[in-house]
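Single-structure report; data block below.
Bear in mind that the values in this text are calculations on the coordinates, not laboratory data. Predicted, not measured: the structure shown is a model, and the values here were computed from it. Don't worry about glycine lacking a Cβ; one is built from the backbone with ideal geometry, like all the others, and counts go over all protein chains shown.
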Amino acid sequence: MSYNPYCVYPDPYYVYPNPYYVFPHPYYGYTGSYHEYPQLVPILPVPISSNNLLHSGPNEYEIISERFLNGWLHPDKPTPTIKQIFLVAHSTREGHTYARNFNDYYNRVGNMQMLFHGTRCECRIGRGSLKACDSETCNLCEIIKGSYSMEKAKGQQMFGRGIYTTEVSSKADVYVDNVDDSQDSIMILNQVALGRSKIMYEACHNMQAAPPTYDSVTAATYAHGGEVRYHEAVVYREDAICPHAIVVYS
Ligand SMILES: [Zn+2]
């Protein structure tokens, strides 16, 4: 793959540019300040029309909503409704640096997957606001302003102190924590560079890094002799994961 410093979207499904962007994406309209743009860029379903061949393929909105709905596997949880999808703009200086670091890392290790992460949100971002709030305990905003922090990764989980993601949206939903319960829920879809991922058949709570010669771990599910019901992958460095979009759902 050729290196493009402005492309943090190596996903082969990525369709760009989207004429329905309401706000200029920093990579297409950068005019000087990292902070003048909102952190979220709304995307809309593009009407598929045989008269307009440009729009006849799957677009970003469809790809993300399909991934979210197909990943909703818990039989006891009612199927959610998607209210809105936003792309993360990486419009702050930290966000821009972070996206570039991710791109460098991904180009080294490969094996990028699009995986969900649920976390705490204290504000109205995605549900009235397009800008991240200033609270340091609003994890969602901390992630989309800069990105994930290994300092905030908790140590007592199944595979130690790492950043946990899953292809199962209903599993990430367990970790979605809306401080205001009356609001729609919000989940992050990430680009995760798993590189060489070690399949783990049992828990290993004191891990601090990927095993030697590996870049990440993936939990084997019950069906494959492991100890988890649903998919779970863990990376142990901040540049191995980059928030890509957020899904607002009820
Ligand atoms: Zn917030």
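Quick notes
- Sorted peptide list for 193-199, 75-81, 144-150, criterion being average Cβ within 10 angstrom, highest first: 144-150, 193-199, 75-81
- Computed from label points 7 Å out along Cα-Cβ, the spacing between A209 and Q157 is 2.0 nm.
- Whole-number percent relative contact order across the stretch 26-249, with pairs defined as alpha carbons under 8 Å at least 6 apart: 25
- Net lengthening on full extension, N178/Y201 (0.36 nm per residue, minus Cα-Cα): 5.1 nm
- Under 15 Å, Cβ to Cβ, from P212 - net charge with Lys/Arg +1 and Asp/Glu -1: +2
- Rg/Rg_globular for the stretch 26-249, with Rg_globular taken as 2.2 N^0.38 Å and Rg from C-alpha atoms: 1.02
- Cβ crowding within 10 Å ranks D215, D184, D104 as D104, D184, D215, fewest other Cβ atoms first.
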